Every structure is written in structure tokens, then in C-alpha cells.
1. Which of (1) surrounded by 12 or more Cβ atoms within 10 Å (Cβ to Cβ); (2) closer than 18 Å to Ala17 by Cα is the odd one out, the single condition Gln33 does not satisfy?
2. Being surrounded by fewer than 16 Cβ atoms within 10 Å (Cβ to Cβ) and touching a strand residue (DSSP E or B) at 6+ places or on another chain (Cβ under 8 Å) is the filter here; which residues of region 38-48 pass it?
3. List the strands (runs of 3 or more DSSP E) inside region 1-78, counting only whole elements, that have at least 1 residues being within 27 Å of Glu91 (Cβ to Cβ) and touching a residue at least 60 places away in the same chain (Cβ under 8 Å).
4. For region 71-81, which residues satisfy the criterion of being surrounded by 15 or more Cβ atoms within 10 Å (Cβ to Cβ) and more than 12 Å from the chain's Cα centre (by Cα)?
5. Test each condition in (1) buried (at least 16 other Cβ atoms within 10 Å of the Cβ); (2) of a type in the set (A, V, I, L, M); (3) closer than 15 Å to Lys11 by Cβ for Ile54 and report the one that comes out false.
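Since every read-out is calculated from the coordinates, none of them should be taken as a lab result. Note that this is a predicted model, so its numbers are computed, not measured. Neighbour counts are summed over all protein chains in view; Cβ atoms, including those assigned to glycine, are modelled from backbone coordinates with ideal geometry.
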Amino acid sequence: MYVLHLNLKIKDGEGLATERDFHGPFKAAISKQEGFKSVALLRPVDGGDTVLTIAFESRELQQKWVATELHQQVWSLMERHFAGYSLRAFEDV
């Protein structure tokens, strides 16, 4: 399995809009992709960055999704709410 953790710095006042776009178009689009395993948007309990987790069967299938026009459309909806983000990738052992 290939898992991404994105630490999202949400712009002030954009939290609800981020959640709306995640639960609407982004989640609907990604969940239909080949190799998709899971996606979650995690709001911190004690402050700090929101975390987006994405899991695919393999890096190759995740990259296939990233290369689509649909990804570009729904990611741009999400990204407009971010002041920045960092990404870490993980593989199961």
C-alpha cells in the first residue's frame, strides 16, 4: 500500500469550505479511482495543521490518478483553501 499524509495549513476562515470541497467533489472523484483504498481529512483536536491522508494500492496507481484532468480539477478546488502544505509518503512493509 502507498499512503500520503499531507499537513495542510488552512487559510483563516476556510476550514468549513475545505471540508465541504473534501466531502463533496474531491472524495467522490478519488474514491472511484483504480487502486483507491481510503481518504480522510483529519481536523486536529489540539490545534495545528489539518491532515489529509490518501491510500492507494500502489504508488503507480496513485500517480495514474494524479495525471488525470479530473484530479487537476478537484485538487484545485481543495488547494485554493491552503496557505501551504507539506507531504510525506509511506509504503507498507
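1. Among (1) surrounded by 12 or more Cβ atoms within 10 Å (Cβ to Cβ); (2) closer than 18 Å to Ala17 by Cα, the lone unmet condition for Gln33 is (2).
2. Ser38, Ala40, Leu42, Arg43, Pro44
3. Here the list reads 2-10.
4. Result: His81, single match.
5. Ile54 satisfies all of (1) buried (at least 16 other Cβ atoms within 10 Å of the Cβ); (2) of a type in the set (A, V, I, L, M); (3) closer than 15 Å to Lys11 by Cβ except (3).
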